[in-house]
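Encoded as structure tokens, the structure appears first; notes follow it.
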Amino acid sequence: MTIRDVYVVDAVRTPVGRFGGALSTVRPDDLAAHVVRSLVGRTPDLDPARIDDVVFGDANGAGEDNRDVARMAVLLAGLPVSVPGVTVNRLCGSGLEAVIQAARAIALGDASVMLAGGVESMSRAPWVLQKPERAFPAGHQQMYSTTLGWRMTNPQMPPEWTVSLGEGAELVADRHGVTREQQDAFALASHRKAAEAWAEGRYDDEVAPLPGVALTRDESIRDDTSLAALARLKPSFRADGGTVTAGNASPLNDGAAALLLTDEEGLRATGREPLARIRASAVTGIEPQLFGLGPVEAVRRALAKAGRDLAGLTVFELNEAFAAQALGCLAEWPELDPAVVNPRGGAIAIGHPLGASGARLAGAVAHQLAAAGSGTGVAALCIGVGQGLALVLER
């Protein structure tokens, strides 16, 4: 079997909205439809009927995104009804999983043109009730938020596996001796890099604001924050000796992102030069409570498949779920140049709309490789319940 080259022709995303912010009035299926519509509109030579499939990541799926949001995006975006769509869930890695699955279909010859991306509206994630075991219960019923984290946990799961995401970040900080001061400094750098990148127009080619929504820049970036301001925040998960705060963790967010992937034949149909080429991917598992270190081995394996190493990277987009988690991963990659990591800011500043983040990272790497003219890039995320996911791209 011949393995085909897979090209990233284009990548687009929404500005990322804050929880309860500018995008909170927009349904997740409409967010997904917007990036699909925008992506197709940016390649007018491509006949939309040539799209073999649309793969979207979505970590929640309990609300307005419940009915295969990828297919809903296709229909709402006005694509031909012949274009199918499938939704995948690998929690925080869902958007990157969508890209990997779409790339795999092209590489194996099952498709020529694919759209892949992700979406999440954490603002609109509903509260849910478990169905009672018998009709008309007399007592009070528990309501669960589907915004983030564990709910309706299986009692057979060991309690050390089901700690909160924030406590998991504290455990990584404990393991690697990551201090509160280091986390706050990392968070401040994320905000400053993101603000600078926006001011310099480095996001102009990949962000498509929604019509009628007053949001043209990522909403969670705090240009005016400082180490002193971050130091005043109380620990969020450990009252005694905690280091993880709202300031050195990613916020709750809304947003969507999508990429156009093709083989050689599909590339000719677009009439465009690709941004980058997909080389390899890897997924790994780790103890659930140490989920933050999930990317460590996934990145190593993906780079080994691509015949590349950390020392030779041009750009590395590492999702900043928590500063403690990101710093823990970086401590295990001593050969990696910190200057290539999230040069335009990361999720602490930009935001982390769960199902969309992986697609945002992959698109960001592709755009940065195109701007550089050549090189190797990596997109990687930690994943709740103990997984890591990584993708290698080249130009």
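The values are calculated or read from the model by the stated rules, or taken from the named source; none is laboratory data. If you're wondering where the values come from, they're calculated on a predicted model, not measured in any experiment. Heads up, the Cβs are rebuilt from the backbone with ideal geometry, glycines too, and the neighbour counts pull from every protein chain shown. Keep in mind that these areas ignore ligands, DNA and RNA; they rest on the heavy atoms of the full protein, side chains included. Shrake-Rupley method; radii C 1.70, N 1.55, O 1.52, S 1.80 Å.
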Handout entry: ³J(HN,Hα) computed for each position of the stretch 279-288 - Karplus, 6.51 cos²θ - 1.76 cosθ + 1.60, integer Hz, glycine/proline x
Key = 9, 6, 8, 7, 10, 9, x, 8, 3, x
Exercise for the section: Please get the size of the charge dipole for the chain, origin at its Cα centre, with Cβ charges of +1 on Lys and Arg and -1 on Asp and Glu, quoted in debye to the nearest 20. Expected result: 360 debye
Completion exercise
Across 135, 239, 370, the residue with the highest GNM fluctuation in the chain (Cα network, 10 Å cutoff) is 135
Completion exercise
Residues other than residue 63 with Cβ under 15 Å of its Cβ, Lys/Arg counted +1 and Asp/Glu -1, net out at -4
Completion exercise
Counting only protein heavy atoms with a 1.4 Å probe and every protein chain in place, the carbon and sulfur fraction of the accessible surface of the stretch 55-164 in whole percent equals 54 percent
Practice task
Using a 1.4 angstrom probe on heavy atoms only, work out the carbon and sulfur share of the accessible area of the stretch 340-395 in %.
Solution key: 55 percent
Handout entry: Long-range amide H partners of residue 47 with built H, under 5 Å
Key = none
Problem - Dimensionless Rg ratio for the chain, taking C-alpha atoms and the 2.2 N^0.38 Å reference - result: 0.94
Problem - Contact order relative to length of the stretch 185-307, as percent, for alpha carbon pairs under 8 angstrom and 6 or more apart - result: 17 percent
Practice task
Starting from the Cα gyration tensor of the stretch 131-285, multiply each eigenvalue by 5, take the square root, and state the resulting semi-axes largest first in whole Å.
Solution key: 35, 28, 20
Problem - Per residue accessible area in Å² of the stretch 197-336, where ligands, DNA and RNA are left out and the probe is 1.4 Å - result: 43 Å²
Handout entry: Highest-fluctuation residue, 49, 282, 326 considered, GNM on the chain with Cα pairs under 10 Å
Key = 49
Completion exercise
The Rg/Rh figure for the stretch 65-150, Cα atoms and Kirkwood Rh, to two decimals is 1.12
Practice task
Translational diffusion coefficient, Stokes-Einstein: compute it for the stretch 150-196 using the Kirkwood radius over C-alpha pairs as Rh, at 20 °C and 1.002 mPa s, and state it as an integer in µm² s⁻¹.
Solution key: 165 µm²/s
Problem - Net charge over other residues, Cβ less than 13 angstrom from the Cβ of residue 190 (K, R count +1; D, E count -1) - result: -2
Handout entry: Sites matching GluC sites (Glu not before Pro) across the stretch 294-395 that sit in DSSP coil, with at most 13 neighbouring C-beta atoms within 10 Å
Key = 335
Exercise for the section: Can you tell me the relative contact order of the stretch 261-395? Whole percent, Cα pairs under 8 Å, sequence separation 6 or more. Expected result: 41 percent
Handout entry: Extension gain, residue 5 back to residue 89 (0.36 nm per residue minus Cα-Cα distance, nm)
Key = 27.7 nm
Handout entry: Accessible surface, per residue, of the stretch 52-160 when the full set of protein chains is kept, probe 1.4 Å, Å²
Key = 52 Å²
Exercise for the section: Report, in whole Å, the centroid distance computed from the Cα atoms of the stretch 317-374 and the stretch 93-138. Expected result: 22 Å
Handout entry: Residue of 20, 328, 358 that the Gaussian network model of the chain assigns the largest fluctuation, springs spanning Cα pairs under 10 Å
Key = 20
Exercise for the section: Of the options 328, 306, 318, report the single residue whose Cα projects farthest towards the positive end of the charge dipole of the stretch 289-332 (beta-carbon charges: Lys, Arg +1; Asp, Glu -1). Expected result: 306
Exercise for the section: Express in Å², to the nearest 10, the accessible area of residue 108 obtained by rolling a 1.4 Å probe over the protein heavy atoms while all chains stay in place. Expected result: 80 Å²
Fill in the blank from the handout: the chain: relative contact order from alpha carbon pairs under 8 Å, six or more residues apart, as a whole percent, is 28 percent
Handout entry: Point-charge dipole on Cβ atoms (K/R +1, D/E -1) for the stretch 20-159, about Cα centre, debye to 20
Key = 360 debye
Handout entry: Accessible-area value, residue 82, 1.4 Å probe, nucleic acids and ligands omitted, Å²
Key = 90 Å²
Exercise for the section: Once you have a ≥ b ≥ c as the square roots of the Cα gyration tensor eigenvalues for the stretch 267-336, tell me rounded if a/c is under 1.5, and otherwise prolate or oblate according to whether a/b is larger than b/c. Expected result: prolate
Exercise for the section: Using DSSP to define loop residues, name the GluC sites (Glu not before Pro) in the stretch 165-274 whose beta-carbon has at most 11 other beta-carbon atoms within 10 Å. Expected result: 200
Fill in the blank from the handout: In deg cm²/dmol, rounded to the nearest 500, the helical mean residue ellipticity at 222 nm of the chain, built from -39500 (n - 2.57) for every DSSP H run of length 4 or more, is -9500 deg cm²/dmol
